[in-house]
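Q: Quick one: the structure is below, and I'll ask about it shortly.
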């Protein structure tokens, strides 16, 4: 049995998708940040204490505060008293505002929607992200299913006592990418660096990251997604538009213009084509499975 046209059922839709790879069509969610406008940065401190990670994050904030038009909102995960996510799926079915723990993190969610950039600050425990920060991200799982943060800028800050910080930083950058925040700037540090390199090199690293992040904040151009991000985006798109979709809020979300009919809501270059192909394959595979289960 031949595969259907990748990405859409109609040839006209495929042409529309390909054109959108190079020209953003109306209905996208791209957010453009202009110079002179106050840039709101949300800083989420994931560590349970104000140690190495907190200190590095504060260094970056001090550098950013020297730039014009920047203001911060800080959140300490340790202050949230957030219960563990139990994977009840209420946020997928009925919406995040119906989460039984939303009262504990709702203000963080609102700040995330309102900000122009977000700094995720986490620490490394046993080669992985510390539990408190991971728990907060678990509560934001609906952003994977319903990404709407396109156009915002991101930074990831991770430290460790010896090793593992790069893997944790990669994970956090991937999380932001699935939320729609592409190309996050990554800053890592471990105790070995402090012992091996002079202080001036560590300061220079912070300054470079600050400049890169600020350039992103003031840029009028969108940052394209990774291939992985656009493939996963279309996997969720296909699942939520299939006849067997079970999460009501997800179904409603993906029926919107700009999500239902496009492989990605903002410019993605040639990766847009990969997203369209992934959607076509996933849709075809889902139909086969539904037919066999019928």
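The values are calculated or read from the model by the stated rules, or taken from the named source; none is laboratory data. The structure displayed is predicted, hence computed values, not measured ones. Neighbour counts are summed over all protein chains in view; Cβ atoms, including those assigned to glycine, are modelled from backbone coordinates with ideal geometry.
Q: I'd like to check something: does region 153-167 contain any residue that is out of contact with any helix residue (DSSP H, G or I) (no Cβ under 9 Å at 6 or more places or on another chain) and either surrounded by 20 or more Cβ atoms within 10 Å (Cβ to Cβ) or on the phi > 0 side of the Ramachandran plot (or both)?
A: Yes: region 153-167 contains one or more residues that are out of contact with any helix residue (DSSP H, G or I) (no Cβ under 9 Å at 6 or more places or on another chain) and either surrounded by 20 or more Cβ atoms within 10 Å (Cβ to Cβ) or on the phi > 0 side of the Ramachandran plot (or both).
Q: What are the residues in region 251-273 that are part of a helix (DSSP H, G or I) and surrounded by fewer than 22 Cβ atoms within 10 Å (Cβ to Cβ), if any?
A: Matches in region 251-273: 251, 252, 253, 254, 271, 273.
Q: Considering only region 185-196, state which residues are over 22 Å from residue 135 (Cα atoms) and crowded, with 16+ Cβ neighbours inside 10 Å. Show your work before the answer.
A: Taking region 185-196 first, the residues over 22 Å from residue 135 (Cα atoms) are 185, 189-196.
Hits for region 185-196 are 185, 189, 190.
Q: Here is a further query. Taking region 110-133 on its own, how many of its residues are touching a strand residue (DSSP E or B) at 6+ places or on another chain (Cβ under 8 Å) and farther than 24 Å from residue 237 by Cβ?
A: First, pick out the residues of region 110-133 that are touching a strand residue (DSSP E or B) at 6+ places or on another chain (Cβ under 8 Å): 111-112, 114-124, 129-131, 133.
Keeping just the survivors that are farther than 24 Å from residue 237 by Cβ gives 111, 114-117, 119-124, 129-131, 133.
Matching residues across region 110-133 total 15.
Q: Now for a separate question. Inside region 232-250, can you point out the residues that are in contact with a helix residue (DSSP H, G or I) (Cβ under 7 Å, 6 or more places away or on another chain) and part of a loop (DSSP other than H, G, I, E, B)?
A: Those that are in contact with a helix residue (DSSP H, G or I) (Cβ under 7 Å, 6 or more places away or on another chain) and part of a loop (DSSP other than H, G, I, E, B): 242, 243, 244, 245, 247.
Q: Got a sec? Which helices (runs of 4 or more DSSP H) wholly within region 35-137 have at least 3 residues that are touching a helix residue (DSSP H, G or I) at 6+ places or on another chain (Cβ under 6 Å) and surrounded by 13 or more Cβ atoms within 10 Å (Cβ to Cβ)?
A: 52-65, 90-93
Q: Out of 104, 132, which single residue is within 21 Å of residue 162 (Cβ to Cβ) and assigned by TED's automatic domain parsing to the domain that holds residue 72?
A: Details: 104 fails: within 21 Å of residue 162 (Cβ to Cβ).
The match here is 132.
Q: Please go through region 168-184 and pick out each residue that is part of a loop (DSSP other than H, G, I, E, B) and either within 8 Å of the chain's Cα centre (by Cα) or surrounded by fewer than 20 Cβ atoms within 10 Å (Cβ to Cβ) (or both).
A: 180, 181, 182, 183
Q: Still on this model: Here is a list of conditions, (1) assigned to a loop (DSSP other than H, G, I, E, B); (2) more than 21 Å from residue 41 (Cβ to Cβ), and residue 201 meets all of them except one; can you say which number that is?
A: Condition not satisfied by residue 201: (1).
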